2 protein chains.
Amino acid sequence: MSARTLDGQALAARIQQELIPQVEAFKHTHGRPPALGILLVGDDPASDVYVRNKVRSGREAGMRVDMLRMPATATLRDTLTAVEAWNVDDAIDGILVQSPLPAAMGHDAEQQVIDTIAPAKDVDGFGAFSVGMLVQNRPTLVACTPSGVIELLDREGIPIAGQHAVVIGRSDIVGKPMAILLLHRDATVTICHSRTRNLAEEARRADIVVAAVGRPGLVRRDFVKPGATVIDVGINRVDDPDLAASLFPAGHPRLETFRKKGAFLVGDVHPEVEAVAGALTPVPGGVGPLTIAMLMKNTLKAAQSRVAVPVG
Amino acid sequence: MSARTLDGQALAARIQQELIPQVEAFKHTHGRPPALGILLVGDDPASDVYVRNKVRSGREAGMRVDMLRMPATATLRDTLTAVEAWNVDDAIDGILVQSPLPAAMGHDAEQQVIDTIAPAKDVDGFGAFSVGMLVQNRPTLVACTPSGVIELLDREGIPIAGQHAVVIGRSDIVGKPMAILLLHRDATVTICHSRTRNLAEEARRADIVVAAVGRPGLVRRDFVKPGATVIDVGINRVDDPDLAASLFPAGHPRLETFRKKGAFLVGDVHPEVEAVAGALTPVPGGVGPLTIAMLMKNTLKAAQSRVAVPVG
């Protein structure tokens, strides 16, 4: 038996295609495109790649994407000022500040910046108000990775209601909102983390496992009930040859890639899980691309809400 | 074996006593007492009792409690205006609008009123912003019933970290914040509800069970692992003699009460659980009195935060 692959890349492309006519209709009605402002501070190379993908996705969907670059020497005050300008700019619907901010800005700079984004424009769904609205099951902008997972389950026809879901990881951006979304879809939800005893046993009770901890290959075969759906949110860069060799059998093509490039990306789910899961997201090409597609959906949704109720 | 009784009434009295010198110190420093505004609209008899208890508790602790009564004919606008006046009244630290509001105000009146309370004065912790701050594990005012449960577990020396907790019920005011608080205290948390399959089996895995669904006697003996801690948040009025007879053995003094009064209050936990649980909260006299004590703690906390950072 081999798990069905849940192709996040393909679904992300489909969502992007579906957005095009909706963005077109918005433009036609309102005389302007939905617009996203992305602020990138500093020169983290990974952030550069992420931001480029977001800009491209937005523009391909027909949206306006304003990209503001600030040098690594920018102050927190500079950053807040930029966000505040977008808050009051009526032509901007969504605001995203790429993480991480330069360390020199201080440990709670990111929190302060997120707190400053107007809730109506909080397309990442990271603000306290957005999170509270989500928990209360009220209309709001929801964090893109967990909402992408729900979209994937729905489109793949995987039932959620009445199922037992186990979320491994309790981060603010994935684990906690993921648990809440699954709960609101009538799953019985268990949240596990580093202090959980018998993690394998807990996970093995699940019909749906979501792994979001950032530990390569953590979820082993014995974590998974035969036939369960396994969603791998982790994207971990592995450059240790021993760790690489522990993840794939000798002769596997990914080990060849590793030898050539000296590193590769793997998820939190060990590849051996493929033999026992019913359905599984690959890494890369699973949840990652969906996150960006959901960001574009959120931007359109923010635009539609703002023209319906002109606040923020 | 018989479960240890977790005496919420006694703990509530102790918390009240502890507040007195702190309230006194606040008055001494700031020249005014911490102050709570309670708005009661209409003439629901149960609300009357609840509000009276809250007023008495606050005053016994040395606080100022302003009680504003509005007739059942008051409009939503009247109610919002009253809240707005307290929002900008610098001498008021906490605002509580007693639930339920008159049905004639409309189904989302309560939500609108809660949304209007300034977050810094949201002593019930029901506003979206307060909830989001709680989920993000940031300093905020937390809903009184679930925070009372944590206080009770702590004071009784019942460990939470690394334990498996099962919360039955997913309400905004108890179930969901309870799960989040237990998670932040490093419990592995499962949230169950009406759509959960094998509820008894899920609950039986718990070291700590919190029942908050409002169904008399739902949690039976087979829901509880021997020695587990069982927290009963339900307060249900039973006036059906058959239901009463199914809850207590013939000759039990509570059945005598029932015969005299025609009704009694029971929790979500069946009395037979006492024989198997390690520790158990009674109903009445368990979580109920704690909720009011925590409201007073929240009012003091709101007052202290407001003088530290004068906002809202």
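Just give me the residues in segment A:52-105 being more than 20 Å from A:Thr116 (Cβ to Cβ), out of contact with any helix residue (DSSP H, G or I) (no Cβ under 8 Å at 6 or more places or on another chain) and crowded, with 16+ Cβ neighbours inside 10 Å, in sequence order.
A:Val55
Only one of B:Ala250, B:Ala303, B:Ala279 is under 22 Å from B:Val174 (Cβ atoms) and small (Gly, Ala, Ser). Can you tell me which?
Just a single option satisfies the conditions, and that option is B:Ala279.
Identify, please: which residue in segment B:123-138 is free of Cβ contacts under 8 Å to residues at least 40 places away in the same chain and outside any helix (DSSP H, G or I) and is, among those, nearest to the other protein chains (Cβ to nearest Cβ)? Lay out the reasoning, then the answer.
Pass one, segment B:123-138, residues free of Cβ contacts under 8 Å to residues at least 40 places away in the same chain: B:127-130, B:132-133, B:136, B:138.
Subsequent filtering for residues that are outside any helix (DSSP H, G or I) retains B:127, B:136, B:138.
Working: B:Gly127: 7, B:Gln136: 5, B:Arg138: 7 Å.
Among those residues, the one meeting the criterion is B:Gln136.
Is there any pair with a first residue in segment A:167-194 that is farther than 21 Å from A:Glu110 by Cβ and within 7 Å of chain B (Cβ to nearest Cβ) and a second that is part of a loop (DSSP other than H, G, I, E, B) and among the charged types (D, E, K, R) whose Cβ atoms are under 7 Å apart and which are 6 or more apart or on different chains, and what are they?
A:Leu183/B:Arg170; A:Asp186/B:Arg195; A:Ile191/A:Arg170
Looking at B:Asp124 and the list (1) farther than 15 Å from B:Ala302 by Cα; (2) touching a Cys at 6+ places or on another chain (Cβ under 8 Å), which single condition is not satisfied?
Here B:Asp124 meets the rest and fails (1).
Consider B:Thr257 carefully, then state whether it is among the polar types (S, T, N, Q) and either assigned to a loop (DSSP other than H, G, I, E, B) or more than 30 Å from B:Met63 (Cα to Cα) (or both).
So B:Thr257 fits the description; yes.
Taking the stated definitions as given, is B:Arg59 in contact with a strand residue (DSSP E or B) (Cβ under 9 Å, 6 or more places away or on another chain) and in a helix (DSSP H, G or I)?
yes
Given the criteria more than 12 Å from A:Leu300 (Cβ to Cβ) and modelled with pLDDT under 95, does A:Pro45 qualify?
Details: more than 12 Å from A:Leu300 (Cβ to Cβ): yes; modelled with pLDDT under 95: yes.
Criteria met by A:Pro45.
Looking at the structure I just gave you, is B:Ala143 closer than 28 Å to B:Tyr50 by Cα, within 13 Å of chain A (Cβ to nearest Cβ), in contact with a Gly (Cβ under 7 Å, 6 or more places away or on another chain) and buried (at least 24 other Cβ atoms within 10 Å of the Cβ)?
Taking the combined requirement at face value, the residue satisfies it.
Would you mind telling me which numbered condition in (1) more than 14 Å from chain B (Cβ to nearest Cβ); (2) within 20 Å of A:Pro177 (Cβ to Cβ) A:Glu84 fails?
Evaluating A:Glu84 over (1) more than 14 Å from chain B (Cβ to nearest Cβ); (2) within 20 Å of A:Pro177 (Cβ to Cβ) leaves (2) as the failure.
Could you list, in sequence order, all residues of segment B:29-42 that are under 18 Å from B:Met296 (Cα atoms) and of a type in the set (A, V, I, L, M)?
B:Ala35, B:Leu36, B:Ile38, B:Leu39, B:Leu40 - these are the residues of segment B:29-42 that are under 18 Å from B:Met296 (Cα atoms) and of a type in the set (A, V, I, L, M).
Every residue in segment A:1-33 that is free of Cβ contacts under 8 Å to residues at least 24 places away in the same chain and either among the acidic types (Asp, Glu) or part of a loop (DSSP other than H, G, I, E, B) (or both), please.
Matches in segment A:1-33: A:Glu18, A:Gly31.
Would you mention how many residues in segment B:34-55 are touching a residue at least 40 places away in the same chain (Cβ under 8 Å) and under 19 Å from B:Gly94 (Cα atoms)? Give the steps one after another, and end with the answer.
Going through segment B:34-55, the residues touching a residue at least 40 places away in the same chain (Cβ under 8 Å) turn out to be B:34-42, B:44, B:47, B:50-51, B:53-54.
Filter again for under 19 Å from B:Gly94 (Cα atoms), leaving B:34-41, B:47, B:50-51, B:53-54.
The number of residues fulfilling the criteria is 13.
Okay, residues lined up against (1) in contact (Cβ under 8 Å) with a residue 12 or more places away in the chain; (2) outside the structural domain of A:Gly169 (by TED's automatic domain parsing); (3) closer than 22 Å to A:Gln9 by Cα:
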{"position": "A:Gly217", "(1), (2), (3)": "yes, no, yes"}
{"position": "A:Lys225", "(1), (2), (3)": "yes, no, no"}
{"position": "A:Ala228", "(1), (2), (3)": "yes, no, yes"}
{"position": "A:Phe248", "(1), (2), (3)": "yes, no, no"}
{"position": "A:Pro253", "(1), (2), (3)": "no, no, yes"}
{"position": "A:Glu272", "(1), (2), (3)": "yes, no, yes"}
{"position": "A:Thr281", "(1), (2), (3)": "yes, no, yes"}
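Starting from residues that are part of a loop (DSSP other than H, G, I, E, B) and not polar (S, T, N, Q), keep the ones in segment A:146-164 and report whichever is surrounded by the fewest Cβ atoms within 10 Å (Cβ to Cβ).
Quick first cut of segment A:146-164, residues part of a loop (DSSP other than H, G, I, E, B) only: A:156-163.
Filter once more, so that each one left must be not polar (S, T, N, Q): A:156-162.
Details: A:Glu156: 14, A:Gly157: 7, A:Ile158: 17, A:Pro159: 14, A:Ile160: 19, A:Ala161: 10, A:Gly162: 13.
Among them, the one singled out is A:Gly157.
For B:Ala245, all conditions in the list (1) surrounded by 14 or more Cβ atoms within 10 Å (Cβ to Cβ); (2) among the hydrophobic types (A, V, I, L, M, F, W, C); (3) out of contact with any Asp or Glu (no Cβ under 6 Å at 6 or more places or on another chain) hold save one; what is the number of the exception?
With respect to (1) surrounded by 14 or more Cβ atoms within 10 Å (Cβ to Cβ); (2) among the hydrophobic types (A, V, I, L, M, F, W, C); (3) out of contact with any Asp or Glu (no Cβ under 6 Å at 6 or more places or on another chain), B:Ala245 is out only on (1).
Could you tell me which residue of segment A:107-122 is nearest to the other protein chains (Cβ to nearest Cβ), considering only residues that are assigned to a helix (DSSP H, G or I) and over 16 Å from A:Trp86 (Cα atoms)? Break it down stepwise before answering.
First pass over segment A:107-122, keeping only residues assigned to a helix (DSSP H, G or I): A:109-116, A:119-121.
From the residues that got through so far, the ones that are over 16 Å from A:Trp86 (Cα atoms) too are A:109-111.
Working: A:Ala109: 15, A:Glu110: 12, A:Gln111: 8 Å.
Of everything passing the filter in segment A:107-122, A:Gln111 is nearest to the other protein chains (Cβ to nearest Cβ).
Do we have B:Ala250 as closer than 30 Å to B:Val142 by Cα and either assigned to a loop (DSSP other than H, G, I, E, B) or among the small types (Gly, Ala, Ser) (or both) here?
Working: closer than 30 Å to B:Val142 by Cα: no; either assigned to a loop (DSSP other than H, G, I, E, B) or among the small types (Gly, Ala, Ser) (or both): yes.
Considered against the rule, which asks whether it is closer than 30 Å to B:Val142 by Cα and either assigned to a loop (DSSP other than H, G, I, E, B) or among the small types (Gly, Ala, Ser) (or both), B:Ala250 comes out as no.
Take the conditions over 28 Å from B:Arg32 (Cβ atoms) and not in a loop (DSSP other than H, G, I, E, B) and apply them to B:Arg77. Does it pass? Walk me through how you get there before you give the answer.
On the way: over 28 Å from B:Arg32 (Cβ atoms): yes; not in a loop (DSSP other than H, G, I, E, B): yes.
Criteria met by B:Arg77.
Checking A:Val49 against (1) in a helix (DSSP H, G or I); (2) of a type outside the set (Lys, Arg); (3) in contact with a helix residue (DSSP H, G or I) (Cβ under 6 Å, 6 or more places away or on another chain), which test does it fail?
Condition not satisfied by A:Val49: (3).
The values are calculated or read from the model by the stated rules, or taken from the named source; none is laboratory data. Remember, predicted model here, so these are calculated numbers, not experimental data. Please note: Cβ atoms are built from the backbone with ideal geometry, for glycine as well, and neighbour counts cover all protein chains shown.
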